[in-house]
Structures are given as C-alpha cells and as structure tokens.
1. In this structure, does Ile180 turn out to be more than 30 Å from Pro146 (Cβ to Cβ) and surrounded by 17 or more Cβ atoms within 10 Å (Cβ to Cβ)?
2. Restricting attention to segment 75-104, and to residues there that are outside any helix (DSSP H, G or I) and crowded, with 23+ Cβ neighbours inside 10 Å, which single residue is nearest to ligand 1 (Cβ to nearest atom)?
3. Looking only at segment 290-297, decide whether some residue is within 16 Å of ligand 2 (Cβ to nearest atom), in contact with a Leu (Cβ under 8 Å, 6 or more places away or on another chain) and at pLDDT 95 or above.
4. Being touching a helix residue (DSSP H, G or I) at 6+ places or on another chain (Cβ under 6 Å) and away from ligand 1 (no atom under 14 Å from the Cβ) is the filter here; which residues of segment 204-228 pass it?
5. All but one of (1) more than 11 Å from ligand 1 (Cβ to nearest atom); (2) buried (at least 18 other Cβ atoms within 10 Å of the Cβ); (3) at pLDDT 95 or above hold for Leu361; which doesn't?
6. Which of (1) within 10 Å of ligand 1 (Cβ to nearest atom); (2) surrounded by 23 or more Cβ atoms within 10 Å (Cβ to Cβ); (3) more than 15 Å from the chain's Cα centre (by Cα) is the odd one out, the single condition Ser113 does not satisfy?
7. Considering only helices (runs of 4 or more DSSP H) fully contained in segment 302-359, which possess at least 2 residues that are closer than 30 Å to Ser64 by Cα, touching a Leu at 6+ places or on another chain (Cβ under 6 Å) and touching a residue at least 40 places away in the same chain (Cβ under 8 Å)?
8. So for segment 241-263 (the condition being within 18 Å of Ile328 (Cβ to Cβ), within 16 Å of ligand 1 (Cβ to nearest atom) and not in a helix (DSSP H, G or I)), does at least one residue qualify?
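The values are calculated or read from the model by the stated rules, or taken from the named source; none is laboratory data. The structure presented is a predicted model; accordingly, all values stated were derived computationally and were not measured. All Cβ positions, even for glycine, are placed from backbone atoms using ideal geometry, and neighbour counts span all protein chains on display.
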Amino acid sequence: MVIEPRTRGFICLTAHPKGCEQNVINQINYIQSKGTIEGPKKVLVIGASTGFGLASRITAAFGSNAATIGVFLEKPANRGKTASAGWYNSAAFEKQAQAAGLYAKSINGDAFSKEIKQQTLDLIKADLGQVDLVVYSLASPVRTHPETGVKHRSSLKPIGQSFADKTVDFHTGVVSEVAIEPANEDDIANTVAVMGGEDWEMWMDALQKENLLASGATAVAYSYIGPKLTEPVYRKGTIGRAKDHLEATAFTIADKLKAIDGKAYVSVNKALVTQASSAIPVIPLYISLLYKIMKAENIHEGCIEQMHRLFKDRLYNNKTATDAQGRIRVDDWEMREDVQAQVAELWTKVTTETLPALGDLKGYADDFFNLFGFRIEGVNYEEDLNEVVEIPGLQ
Ligand code: NAI
Ligand code: NA
C-alpha cells in the first residue's frame, strides 16, 4: 500500500517503513562518520525503539561495535494497518546491525512486567553472559505495577497552583492560552510510580542478583530539567517529581553497584521532539523557539548527536563530569545563559502572527513527522509498499 501520515492531535496513527529505515540509516551514518568510541561491548537498552533509547543503541552498536539487546513495546502491522514507528526502526536497526556482523536481538513487551524482565535475563544469560552497559530510556503514560497489579497513569500537571501560559498547536501554528488545574496527591504518586526510578531499580536488582552485570558495568537513565518558563508544568510539576525520584534512584543503584565496581548515572538531555515530548503542553512552543536559536547559533542537536556526545565525552572518556547533584549534563548547550535569554525574550513576543518569523515551527513539525518516517529526504512516498516487516532478531 501507499502509506500516508494520518494524525490525531499529537499522535500519528501510521508509520512509513522505508522512512523509518532511512532515519535509522542516517543515524548510523552519523555515528560512523565520527569514528570509534572506546565504549561498551555488551549492552541492554530498555526503551530501545525510538528517541533517546534508539539513538543510544545505534551509538553503542555502530560507535563501539557493541552487541545489543533492545526491549520495547511496539505494534506489528495488522490487517492493512501499519506497524508502529518503533517497530520499523527496530527492524531497520537489526537488519543493519546483523549485516555489519553485530549481535542484535530484541524483546517486544511490557518492560514493567516480571515476565519481560525474566525473558530478558534469560536471553542475556544464554547469549551474552553479562552486560557492561544498561540504558534505561522508557517513556510511558501507564505502568501496571508488577507486585500490586495496580495500573498507574501519569499526568502532566502543575503542583500547588493552577498554571496558564502559551502553547501551540503545531499542525495549525495557532498559539493559544492553556490552563491546567493542579495535581492532587494521587496524580503525583501515580506519575512517580510510572516515570520515577522504581522500575529502573527493579531491573538493576534483577540483573545484579543473577550476576548478569560485568565488573565495572554502567547504568544510565535519562532526565530533563529545562527553563524557568516550563518549570510549573515540567520540573516543578508531576513529571518533575518523577524525575526527582529517578535521579535519587541513581544514587541507590550506584551504592548497590559498588559491589561490582559499577556506576549509575542520570544524564540530563536536551529538549527534543519525540513521541513522549509532543504530548506535554507548552513544551512544543518552547522547543520551536529553542530550535530557532540553537540552529542560528549552530549548536542544534538531535537524539543521535546528543547520545554521541554522551558516550564519547561523558560516559567513556574516563572523567565523567557531573553537576553538583551528580548528574551528567548534555543539556549544557540548551541551558547556556545566552540561549535561554534569547528564548525568554522571544517567549514574551510570540503569537500566532509572529510565530512563523520568531520560531522554527517548520523544524518542529518536520521532526514530528520524521518520527514516523515521513518527510524524510530520499524516500519515495508514492511507492506501493508491503507494510508487514519482520524484525530479524525478535525473540
Ligand atoms: P520515546 O517515546 O521516543 O521512547 C520511549 C521508549 O519506551 C520506546 O522505545 C517505547 O517502545 C518504550 N516503551 C514505552 N512503554 C514501554 C513498556 N511498557 N514496555 C517496554 N517498552 C516501553 O521517548 P524519549 O523522549 O526518547 O524518552 C526517553 C527518556 O528520555 C525518558 O525518560 C524521557 O523523560 C527522557 N528525556 C526526554 C527528553 C525529550 O525532550 N524528549 C529530554 C530529556 C530526557
Ligand atoms: Na527512548
């Protein structure tokens, strides 16, 4: 079939297999153009199919020749419906990895569950023996707790007071005011249960207990801070509480990993268009202004550039500089004072009328469609395609 984008709000219901493949190839080419990194050798990536997790997997495999196991939750094609983008991404990644002689296998299922954890442990045991890097890059709106069976739902709400500010519908370019009522205690607890560090710690405990972590192994998970203007809905809101918890968990895990001479970090990454971030109010408008400034300053990065810098200049350069809270920072360019001052200035002026000149809404929208394999250079979108694609290493 000929596959076209079909959007509903901030999600796209279709994905393009060739476009997703080209996306993955472009990321591989970027990593290969940068030379090798003395990095990890056997890697588990939890949340490996899109965004930062996919970029981490590509960096490990094609930057350091690492064997990789990816865990994700994606949908195969079904009755004329396309597969999800992460499915096509993983198919493309594993095809390229295997062609390059690299071990690459994956597990598709709920990473929060005991079953998927056990399946992953068994695969590591059988094929790799141990891993020396664990990347935790899940982003999910829900988590069924493996002990209680309770289904927790995260929310994106301010805490303590309601919040009102500008936001944009990036399909239409209309800038409007959004108002969000404050979270209650349940909202906070549920968001921490979904996006906090408990599941990361469960993964690390299970791996360590079964002796599947190599001596000196590293664990890393991803966080976000962002500017003052998104604080009420992000860092000081429900999701921020979850990130506080995730960051605190890094210390708990680091303590446990001392037994194997291992390390655990949170890396604070840059704001980027991903399936997760397009769902957060205010952030798309912030990102479109940020992109404009960072591109003008020649310091714009996507997921792959970010993960390349994380591996090469932070995790594997033998000095791992962290901030006062022990976090790795690859959001350093986003947070540069001059960059933030310019964004804050634009923020006061931005309206539906001024956005096309002040912001990079086109960059935002292109990135959004790129996530699903659309608007990628060199792809023939008229082509009649089979939407059914196999992931070579799927277990
Ligand atoms: P994403 O939506 O691109 O990736 C999420 C991944 O999690 C996918 O591989 C998906 O299949 C997997 N996943 C979701 N639920 C799952 C489940 N139940 N079982 C197994 N796999 C599941 O998200 P993104 O943006 O790459 O986020 C990854 C991390 O990076 C998150 O912690 C996020 O908060 C953080 N981050 C994101 C930033 C952004 O601007 N996008 C900035 C800084 C940090
Ligand atoms: Na990810």
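1. So Ile180 passes the test.
2. The extreme case among them is Ser84.
3. No, that holds for no residue.
4. Met204, Ala206, Glu210, Leu212, Leu213, Ser215
5. (3)
6. Looking at each condition in turn, Ser113 falls short on (2).
7. none
8. no
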